[in-house]
Amino acid sequence: MEGAGTSFHHMGTGNRTLNNPQMDCREFRDKHLSYVDDTLPGVELVGMQLHLTECVSCARQDATVRRSLMLIRSLQRIEPSPGFSERLEHKLREAKALDAAPKSSARPRGFAVAVAATSIVMLGYIAVSLRQVDTPRDIMLPPVVATLPESVAAPMTSPAPAMVASVPAGLPIWTAALFAEQVPIHFASADLTLVKSNR
Amino acid sequence: MASIARKQIVPNQGATVREQLRAMDDSAVVTAFLGGEERAFSELVERYQTRLLNFVYRTIGDREKAEDLVQEVFIRVYRHLHRFDRSKKFSTWAYTIASNLAKNELRNRSRNPLVLFQTVQKNWQDDDRPLQFEDSTSRPDDMYRKRHLREIVEESVAKLPEHHRNVFILRELEGKSYEEIAEITDCNLGTVKSRLNRARNSFAEIVAPYME
């Protein structure tokens with residue numbers, strides 16, 4: 001198989017070679033990490049080698065990866081600078097001093113006495129509270145106040161005044177209220193109006 | 001604590017304490033330190049300072065800051081070694097602390113553009129320094145080519161996304177196993193393999209033009 005690019009990303013994904021129907025480029029690519037690290041089982045290793053003999057693109061990519069790894073593994077290691085150990089020792093001394101500080105610094109004696117006194121008072125309070133909880137006490141109920149139920153207001157049986165029904169629905173309510181104040185009030189029921197118009 | 005005290009080093013047969021410490025594995029050195037042998041800590045520093053410095057330096061790309069962070073790693077180790085689970089590897093624990101500090105540094109940098117600028121500026125100044133790593137017996141054009149290649153490799157590593165770069169450095173430069181990387185980076189094994197595979201391919205793609 002002739003691949004167009006040198007990278008695995010550009011290779012075909014489903015090509016099986018004629019002599020090696022078991023392996024395609026995708027499978028080769030998936031197993032390449034273990035192949036380079038030499039951790040593949042024997043059968044798969046042979047399959048990979050066979051694929052390499054038949055697929056130019058995979059063979060080229062395999063060679064590129066191996067050469068690039070040789071390059072990075074040959075990078076020279078850097079060494080710590082000459083003052084590294086001294087600086088580390090200094091920092092360690094500081095760290096030790098910091099760690100030791102809370103242990104060695106004695107708090108004032110008065111503080112300890114105050115803490116002890118507070119603890120005793122707190123313990124006493126807790127003990128008294130617990131004792132009070134344990135002793136049975138008479139049950140004290142709050143005084144009862146008897147009240148008469150309020151009479152329920154009778155529901156309005158008469159229909160709504162006609163004037164209210166005549167206010168246009170689109171007016172704001174305060175305008176409607178002003179308007180209502182200016183209008184002469186005729187408390188007439190709908191029934192009466194009906195009677196007048198019939199007359 | 002009693003079991004630790006029993007494992008304290010008893011100097012014998014002419015071998016100095018330092019020599020004895022040097023012959024011990026990490027776990028025994030840690031035990032000696034917890035048993036009160038202060039020199040055991042220096043042994044741990046000796047063993048890990050260069051490894052951790054390279055790991056942090058390749059991750060954050062700033063040598064000075066890398067040294068500060070490695071010192072911070074050792075201070076944390078010193079303070080919290082009594083809490084270290086000794087059923088696990090000391091190196092994994094130390095690398096985990098270093099990895100977290102490096103990650104925090106990168107996060108702070110991305111939040112603070114001034115720090116980022118200062119780092120870039122420092123790297124420019126680094127370019128003016130005399131050659132340090134090349135063999136002085138090489139011909140000048142070879143030295144130039146080597147230096148150029150080294151810079152390209154370092155730049156290519158820096159171009160990888162942070163979580164890919166971390167896994168890539170731990171594997172290719174520090175030689176850690178997948179399992180150790182998973183523990184250090186707090187990822188599952190599948191994620192480590194996937195990131196490493198992607199990192200290798202990306203890195204190969206970046207450096208390929210310079211290798212021809």
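Every read-out reported here was derived from the displayed coordinates using simple, explicitly stated rules and does not represent laboratory data. These numbers come from a predicted model, not from an experiment. Methodologically, a virtual Cβ is constructed for each residue, glycine included, from the backbone with ideal geometry; neighbour enumeration extends over all protein chains shown.
Sort A:58, A:25 so that the residue with the fewest other Cβ atoms within 10 Å of its own Cβ comes first and the one with the most comes last.
So the residues, fewest neighbours to most, are A:25, A:58.
With a 10 Å Cβ neighbour count serving as the proxy for reagent exposure, in which order, fewest first, do A:38, A:99 appear?
Working: A:38 7, A:99 11.
By the 10 Å Cβ count, ascending: A:38, A:99.
Ordered by residue, what ³J(HN,Hα) values in Hz, to whole numbers, does the range B:84-97 give under the Karplus form 6.51 cos²θ - 1.76 cosθ + 1.60, where θ = phi - 60° and Gly and Pro are x?
5, 6, 6, 7, 9, 7, 5, 4, 4, 5, 5, 5, 5, 4
Rank these for me by crowding, B:82, A:32, going from fewest to most other beta carbons within 10 Å. Provide the component values of the computation, followed by the final result.
Details: B:82 10, A:32 20.
Fewest to most other Cβ atoms nearby, the residues stand as B:82, A:32.
Quickly work out the residue A:70-to-residue B:23 label distance, labels modelled 7 Å from Cα along the C-beta direction, and quote it in nm with one decimal.
4.1
Which entries of B:65/B:159; A:31/B:146; B:88/B:159; A:91/B:65; B:65/B:88 have Cα-Cα distances beyond 24 Å here?
A:31/B:146; B:88/B:159; B:65/B:88
Say R0 is 35 Å: what FRET efficiency, to the nearest 0.05, do residue A:95 and residue B:147 get from their beta-carbon distance?
0.35
Ignore the peptide's own chain and count Cβ atoms of other chains within 10 Å of each Cβ in B:192-199; give me the average, rounded. Show your work: numbers first, answer last.
Details: counts 1, 4, 2, 0, 3, 9, 3, 0.
Mean shielding by partner chains, rounded to a whole number: 3.
What distance in nm separates the two pseudo spin-label positions at residue B:64 and residue B:211, each 7 Å out from Cα along the beta-carbon direction?
The answer from the label model is 3.5 nm.
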